[in-house]
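The values are calculated or read from the model by the stated rules, or taken from the named source; none is laboratory data. In this text the structure is predicted, and so the values were computed from the model without any measurement. Cβ placement follows ideal geometry from the backbone for every residue including glycine, while neighbour counts extend to all protein chains displayed. Heads up: the accessible areas ignore ligands, DNA and RNA and are worked out on the full protein's heavy atoms, side chains in. Shrake-Rupley method; radii C 1.70, N 1.55, O 1.52, S 1.80 Å.
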Amino acid sequence: EQEIKKIFQKNKAEIQKEMETYGYDNILIIPENLPNTEQLHQKMTKEYKETWQSGNFKEGGGFAGAKHTENQKTRIILCHNDQNIYDNQKANVFEKATLNKNLMQLSGLTEQKIQQKIQNQENIPVNFETTINGKTIKVQAEGLSLNEYLIFQRQYQEKNQKHLDEAGYTWLLKTFSASRVVDSDWDPGSGQLYVSALDSDSSNDDLSCRLSRSFEN
């Protein structure tokens, strides 16, 4: 609790600015030294059906092989509380602007630069321009990691008795599986979490990116 208070006090002005700029309306509190991804996945999906994993994700080692750019410090993460981004007219406008964008379009980086970041386990930024109400706006943010998404997914379910991304799925820019970037959603038909890994040029009209901003002491 004291560590979280310190983070808020240190970053109060920047937190307020980010919330006003991008409309963040939810906060995740991430403690230091989380369990490894396999163990965290088991805890965060307890009582769910077994998670479906794509062939690409399994080839990268599954949960055990997932590599993250996040650190192990206590941190708070600003994010959006929309259940779905795809097919949701009320979803945050900046998140809706990420629909149907591949990694190059989301980050402003070349494919070669993205592969270098994956190899070096460096964060892939969100950095693109969009037009809202006739005005060109530069969007600069972060994505989520698989670990953060697992926590967010469970938090949302416990609060709302429904799951994130029951329509559409989301890039998780802070987690890599071999040379690919992880994505996830919830399949209401089968009643289970889906985790996959996509190439950098992948895009779809129901594929988006959940924007975030993290702060630490």
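Scan the strands (runs of 3 or more DSSP E) fully inside the range 134-217 and keep the ones with 2 or more residues being among the polar types (S, T, N, Q).
135-141, 169-177, 192-198, 212-216
Please work out which residue is farthest from Asp87 (Cα to Cα), limiting yourself to the range 131-166 and to residues that are touching a helix residue (DSSP H, G or I) at 6+ places or on another chain (Cβ under 9 Å) and among the charged types (D, E, K, R).
Arg154
Quick test for you: out of Asn217, Asn123, pick the one residue that is open to solvent by 10 Å² or more (accessible area, probe 1.4 Å) and either more than 13 Å from Ser107 (Cα to Cα) or without any contact (Cβ under 8 Å) to a residue 40 or more places away in the chain (or both).
Unique residue meeting the criteria: Asn217.
Of the residues that sit in the range 44-76 and are touching a residue at least 60 places away in the same chain (Cβ under 8 Å) and basic (Lys, Arg), which one is most open to solvent (accessible area, probe 1.4 Å)?
Applying the filter and picking the extreme gives Lys49.
Given Asn160, Asn147, which one is within 24 Å of Glu18 (Cβ to Cβ) and under 11 Å from the mean Cα position of the chain (by Cα)?
Asn147
For the subset of the range 152-211 comprising residues that are of a type in the set (Asp, Glu) and in contact with a strand residue (DSSP E or B) (Cβ under 8 Å, 6 or more places away or on another chain), which member is surrounded by the fewest Cβ atoms within 10 Å (Cβ to Cβ)?
Result: Asp199.
Mind counting the residues in the range 77-116 that are free of Cβ contacts under 8 Å to residues at least 60 places away in the same chain and of a type in the set (Asp, Glu)?
The qualifying residues number 1.
Does the range 12-28 contain at least one residue that is basic (Lys, Arg), open to solvent by 80 Å² or more (accessible area, probe 1.4 Å) and outside any helix (DSSP H, G or I)?
no
Does the range 83-117 hold any residues that are part of a loop (DSSP other than H, G, I, E, B) and open to solvent by 30 Å² or more (accessible area, probe 1.4 Å), and which are they?
Listed by number, the residues that qualify are Gln83, Tyr86, Asp87, Asn88, Gln89, Lys90, Leu99, Asn100, Lys101, Gly108, Leu109, Thr110.
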